[in-house]
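Peer 1: Can you keep this structure in mind? I'll have questions shortly.
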Amino acid sequence: MTAQAFRNRLFPAIPPKSRDTGAAARAAHLRVDAEPLLFRDTLAEHLLGEHATELLAYGDHPVLAGARVQTTLRSRIAEDRLHASGLRQDVVLGAGLDTFAQRDGRVRTFEVDHPASQSAKRELLAAAGIPEAATHVPTRRRLPAAVPPA
């Protein structure tokens with residue numbers, strides 16, 4: 001069974017959006033994983049909107065544990081390295097429902113994403129009462145799956 005087929009079995013009523021699955025992994029980490037936690041994103045669950053309950057219902061599924069660890073560890077390492085670098089600006093490509101700008105406040109964050117994704121995120125932030133903190137940079141170009149090393 002492919003990963004997409006597995007996801008469709010778990011979440012049949014939810015349209016597949018990678019922005020939701022990343023936020024769901026970060027939110028589920030707080031609910032199902034034991035201390036010490038790798039990463040604390042207390043805003044992610046609020047951005048899942050009406051699908052939060054359904055997306056988080058499968059948070060402890062063994063197949064999803066690996067994806068949850070990968071997502072939270074990637075966020076932890078990226079944010080720790082950014083702070084250690086002393087840089088004051090950050091660019092997030094394909095930001096989706098990333099909440100770094102809302103959680104951090106020390107680094108100016110530019111989120112590059114499709115205008116429709118940015119609009120949806122703004123609506124979810126407003127509905128959750130979370131202030132907008134990023135500078136949105138709209139693009140209609142498809143972003144690469146991986147950025148080549150500099």
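The values are calculated or read from the model by the stated rules, or taken from the named source; none is laboratory data. Because the structure is predicted, anything quoted here is derived from the model rather than measured. Ideal geometry is used to build each Cβ from the backbone, glycine not excepted, and the neighbour counts take in all protein chains shown. Note: areas computed on protein heavy atoms with side chains; ligands, DNA, RNA excluded. Shrake-Rupley method; radii C 1.70, N 1.55, O 1.52, S 1.80 Å.
Peer 1: Among ASP60, ASP90, which is the only one that is under 20 Å from GLU132 (Cα atoms) and not basic (Lys, Arg)? Quick ask: steps written out before the conclusion?
Peer 2: On the way: ASP60 fails: under 20 Å from GLU132 (Cα atoms).
The conditions single out ASP90.
Peer 1: For the stretch 85-104, how many residues meet the condition of being free of Cβ contacts under 8 Å to residues at least 60 places away in the same chain, in contact with a helix residue (DSSP H, G or I) (Cβ under 9 Å, 6 or more places away or on another chain) and of a type in the set (D, E, K, R)?
Peer 2: Adding up the residues that qualify gives 2.
Peer 1: Taking the criterion of being without any contact (Cβ under 8 Å) to a residue 12 or more places away in the chain, surrounded by 15 or more Cβ atoms within 10 Å (Cβ to Cβ) and closer than 16 Å to THR21 by Cβ, would at least one residue in the stretch 66-82 satisfy it?
Peer 2: no
Peer 1: Turning to a different aspect of this structure: Would you mind finding the one in GLN70, GLN4 that is farther than 25 Å from PRO131 by Cα and at pLDDT 75 or above? Write out each step before concluding.
Peer 2: Working: GLN4 fails: at pLDDT 75 or above.
Residue meeting the stated conditions: GLN70.
Peer 1: Keeping to the stretch 85-110, report how many residues are over 19 Å from ALA24 (Cα atoms) and either in a strand (DSSP E or B) or touching a strand residue (DSSP E or B) at 6+ places or on another chain (Cβ under 7 Å) (or both).
Peer 2: 8
Peer 1: Let me ask something else about it. Somewhere in the stretch 64-81, is a residue of a type in the set (Gly, Ala, Ser) and closer than 25 Å to HIS136 by Cβ?
Peer 2: Within the stretch 64-81, one or more residues are of a type in the set (Gly, Ala, Ser) and closer than 25 Å to HIS136 by Cβ.
Peer 1: Ok, one more. Among residues belonging to the stretch 34-65 that are modelled with pLDDT of 90 or more and not hydrophobic (A, V, I, L, M, F, W, C), point out the one that is least open to solvent (accessible area, probe 1.4 Å).
Peer 2: ASP41
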